[in-house]
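The values are calculated or read from the model by the stated rules, or taken from the named source; none is laboratory data. Because the structure is predicted, anything quoted here is derived from the model rather than measured. Quick reminder, even Gly has a Cβ in these numbers, built from the backbone with ideal geometry, and neighbours come from all protein chains shown. Ligands, DNA and RNA are stripped out before the accessible areas are found, and what is left, the full protein with its side chains, is counted by its heavy atoms. Shrake-Rupley method; radii C 1.70, N 1.55, O 1.52, S 1.80 Å.
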Amino acid sequence: MSRIARCALFVVVAFALTACGGRGYQTKGIEGLLPDLSFRLTSETGQTLTAADMRGAPTVVFFGFTHCPDVCPTAMARVTAATEAAGEDLDASLQVLFVSVDPGRDTPQRLADYTSFFSDRVTGATASVERLRELTKRYRATFGYDEPNEFGDYNVSHSSAMYVFDAEGDARALFRPSDSVTAMAADLRRIAEG
């Protein structure tokens, strides 16, 4: 296959993937590109939390950790602002799931303290490292641990995107750090209103 033919094929495939991702979103539409919402975690209350518990309202999922110095608090502040900006009439219809990829330090109580700082609509949860790896792989997210320092402290690298699922658990949008709160709010409203 010639170089020109390979380039043309690449453009066609890229266009097809973009077209599958949903149109009209102000953020990144991902309809048909990722599997539906599915998980089994331990919530900040210490109880088992599954995707079925989140059905009935759009859910924004973010993978992070409570010791995160910048990315996580910024992401949580942004998504909280976006859910508020989406409109008061949608308050009960939007929820955020903060999935800690640091189960060694993020106990249910620590998660509850962390999420309550941002909003009542944010729920914290975590699981074993093995289960978290399966979950992040499902949504093409990543995380990893740095070597601990002499005090046992360590950093966790993780994906910075937020995944938005509709009330039925279907993947609809991807919020990236470059997306504005206004764009996020508009897409949350669109997804909540069906």
Give, in nm to one decimal, the length gained when the segment between THR45 and THR74 is fully stretched (0.36 nm per residue of separation minus the Cα-Cα distance). 8.1 nm
Place a +1 charge on the Cβ of each Lys and Arg in the chain and a -1 charge on the Cβ of each Asp and Glu, then give the dipole magnitude about the Cα centre in debye, rounded to the nearest 20. 960
Filtered trypsin sites (Lys or Arg not before Pro), segment 69-112: DSSP coil and at most 16 other beta carbons within 10 Å: ARG105
Taking the Cα centre of each part, how many Å lie between segment 149-194 and segment 106-144? 13
For segment 132-194: relative contact order, % (alpha-carbon pairs under 8 angstrom, 6 or more apart): 19
What number, in nm² with one decimal, is the all-direction average of the projected area of the convex hull of the alpha-carbon atoms of the chain? 12.9
For segment 130-181, what is the accessible area per residue in Å² when the probe is 1.4 Å? 57
When the accessible area of segment 55-96 is computed with all protein chains present and a 1.4 Å probe, what percentage of it is carbon and sulfur? 50
What is the pair-distance distribution P(r) of segment 61-126, computed from all Cα-Cα distances in 10 Å bins starting at 0, with each bin given as a whole percent? 22, 55, 20, 3
Relative contact order, percent, the chain [alpha-carbon distance under 8 Å, six or more residues apart]: 31
Which of the GluC sites (Glu not before Pro) found in segment 93-165 are loop residues per DSSP with 11 or fewer other Cβ atoms within 10 Å of their Cβ? GLU150
Residue-averaged [θ]222 nm for the chain, counting only DSSP H segments that reach four residues, each worth -39500 (n - 2.57): -11000 deg cm²/dmol
For segment 52-59, just list the computed ³J(HN,Hα) in residue order, Karplus coefficients 6.51, -1.76 and 1.60, θ = phi - 60°, integers in Hz, with x standing in for Gly and Pro. 4, 5, 9, 5, x, 8, x, 10
DSSP-loop trypsin sites (Lys or Arg not before Pro) across segment 129-194, with at most 10 other Cβ within 10 angstrom: none
